[in-house]
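Just below is one structure, and these are the notes that go with it.
The values are calculated or read from the model by the stated rules, or taken from the named source; none is laboratory data. Note that the coordinates shown come from a computational prediction; the quantities given were computed from them, not determined experimentally. No Cβ is skipped: glycine too gets one built from the backbone with ideal geometry, and neighbour counts run over all protein chains shown. Accessible surface is based on the protein model in full, side chains and every heavy atom, while ligands, DNA and RNA are left aside. Shrake-Rupley method; radii C 1.70, N 1.55, O 1.52, S 1.80 Å.
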Amino acid sequence: MNFSFNMPVKVIGGNGVVRENSAVFAGYGKKCLLVTGGSSADKSGAKADVLAALSEQGIEYTVFDEVKPNPLAADCHRAGQLARDFEVDFILGVGGGSALDSAKAIAVYAANKTLSAEGIYDYDFILPPLPLILVGTTAGTGSEVTGVSVLTRENGRKQSVSGQNFYAKAAFADPKYTYSVPYSVTVSTALDAFAHAVEGWFSNRFDDVAKLFGQKAIPVLWEALKRFYETGELPDELGRNDLYYASLYAGMELNICGSAFPHGMGYVLTEDFGLPHGRACTAFMPAYVKRGMEFKNPLAIEFFTIIGTNYPEFEKIILTLTDLSGIKMTEEQIAAYCERWQSLKNFKNSPGGYSAAEAGQVLRDLFLK
């Protein structure tokens, strides 16, 4: 058995775990910056539970609640200054993937006073980040358990930073916080989790431990997606629980394997066409799975056995849920994207390798009008 596994986050999972384990917060200090965005932290009940836990432990806090979808590195940099001004001991992120990814970056900025907003991409920092605790409210990114933060640079492009400095010290995984997520977000985040699991399955870094997580995540996520396709209805509480834990398994698989070309290509659909991240990644999943069938056929056979379907049915369900209607590209746009993708690292992580020219052909097939 060949494998490499490192997931240094203490994950505390189950119903009511934030209030029941409030002492965990006290272990990281007496003052924190609470990072949230939108309304999910309030609607889910996560923020109320967190504030009660902080109060119980006598922990002071200040709030940064300006996180937006596809968070800006510049905003995280500004929040790092806020954390220093308040002299916090740790960062506490509560929300979906954008809030959690922001909290990871803020922990780095807060500890490194001279680091510029763009400097985080050059890993131009010396001091380790402030301790970080995460509380997730969506079943998608798996950011609670990954050492990855995706931010938007000053040039408007999304780009990830990753490594040991971007892991949380602890994460609270309570699926009840996902119960209030609306249908469209539930579908998009489930697609994101499925992208993590499937990209990992055919990744060039796939190993035996990653396979264990994939085997846990893929069938659960596929069944949820199939139900969305067939019924257009939200899952019940049991389904929500399964979906949330599957998103964490997919995140752990992502930790081992990294992402592949669907993520790298998907960023432009979010930047230029406003497609939510999960849907932007699955736009290219059929092409990715086809490549897996070509270069890693035994794994492809096992994949379709796990989800209990064939390629045409898989493609139909994924592209229907992804909904690419209205996206059109010109040859000039496609050429510009291909130029951008000349040295994309997650192209190299794709089965058989992957070139910008091949990516361009996929764009033409899908979007050239």
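Of the numbered criteria (1) more than 14 Å from the chain's Cα centre (by Cα); (2) buried (at least 21 other Cβ atoms within 10 Å of the Cβ); (3) acidic (Asp, Glu), the one GLU230 fails is (2).
For the stretch 324-338, the tally of residues that are at pLDDT below 95 and touching a helix residue (DSSP H, G or I) at 6+ places or on another chain (Cβ under 9 Å) stands at 1. Entry remark, the stretch 297-351: residues being β-branched (Val, Ile, Thr), part of a helix (DSSP H, G or I) and open to solvent by 10 Å² or more (accessible area, probe 1.4 Å) number 4 in total. Considering ARG279, ARG291, ARG240, the condition of being more than 21 Å from the chain's Cα centre (by Cα), under 25 Å from ASP323 (Cα atoms) and touching a residue at least 12 places away in the same chain (Cβ under 8 Å) is satisfied by ARG291 alone. On inspection, GLY142 passes the criterion of being out of contact with any strand residue (DSSP E or B) (no Cβ under 8 Å at 6 or more places or on another chain) and open to solvent by less than 10 Å² (accessible area, probe 1.4 Å).
Here LEU34 does not qualify as in contact (Cβ under 8 Å) with a residue 12 or more places away in the chain, out of contact with any helix residue (DSSP H, G or I) (no Cβ under 8 Å at 6 or more places or on another chain) and not β-branched (Val, Ile, Thr).
Of all residues in the stretch 112-129, exactly one satisfies the criterion of being open to solvent by 10 Å² or more (accessible area, probe 1.4 Å), in contact (Cβ under 8 Å) with a residue 24 or more places away in the chain, of a type outside the set (Phe, Trp, Tyr) and not in a loop (DSSP other than H, G, I, E, B), namely GLU118.
Applying the set (1) over 17 Å from PHE202 (Cβ atoms); (2) outside any helix (DSSP H, G or I) to SER259 leaves exactly one unmet item: (1).
What number of residues within the stretch 155-176 are assigned to a strand (DSSP E or B) and hydroxyl-bearing (Ser, Thr, Tyr)? The number of residues fulfilling the criteria is 2.
The single condition among (1) surrounded by fewer than 17 Cβ atoms within 10 Å (Cβ to Cβ); (2) part of a helix (DSSP H, G or I) that LYS216 does not meet is (1). Any idea which of VAL362, VAL289 is outside any loop (DSSP other than H, G, I, E, B), among the β-branched types (Val, Ile, Thr) and under 26 Å from ARG157 (Cβ atoms)? Going through VAL362, VAL289 in turn, the sole match is VAL362. Could you please let me know if SER203 is closer than 20 Å to ARG291 by Cα and either open to solvent by less than 40 Å² (accessible area, probe 1.4 Å) or β-branched (Val, Ile, Thr) (or both)? For SER203, the condition - closer than 20 Å to ARG291 by Cα and either open to solvent by less than 40 Å² (accessible area, probe 1.4 Å) or β-branched (Val, Ile, Thr) (or both) - is met.
To keep it simple, each residue is scored yes or no on (1) modelled with pLDDT of 95 or more; (2) over 23 Å from the mean Cα position of the chain (by Cα); (3) of a type in the set (Asp, Glu).
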| residue | (1), (2), (3) |
| --- | --- |
| VAL24 | yes, yes, no |
| LEU51 | yes, yes, no |
| LEU54 | yes, yes, no |
| GLN57 | yes, yes, no |
| PRO69 | no, no, no |
| ARG78 | yes, no, no |
| ARG84 | yes, yes, no |
| VAL94 | yes, no, no |
| SER102 | yes, no, no |
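A single member of VAL150, VAL187, VAL198 is open to solvent by 10 Å² or more (accessible area, probe 1.4 Å), in contact (Cβ under 8 Å) with a residue 40 or more places away in the chain, among the aliphatic types (A, V, I, L, M) and outside any loop (DSSP other than H, G, I, E, B), and it is VAL150. Close contacts from the stretch 324-335, counting a first residue that is of a type in the set (D, E, K, R) and a second that is in a helix (DSSP H, G or I) and surrounded by 15 or more Cβ atoms within 10 Å (Cβ to Cβ), with Cβ to Cβ under 8 Å and a gap of 6+ residues or different chains, come to LYS328/PHE367.
Note on the stretch 34-49: residues that are modelled with pLDDT under 95 and at positive phi amount to 1.
Taking the criterion of being buried (at least 24 other Cβ atoms within 10 Å of the Cβ) and among the aromatic types (Phe, Trp, Tyr), the residues of the stretch 168-184 that qualify are PHE172, TYR177. The residues of the stretch 257-288 that are surrounded by fewer than 23 Cβ atoms within 10 Å (Cβ to Cβ) and β-branched (Val, Ile, Thr), listed by number, are VAL268, THR270.
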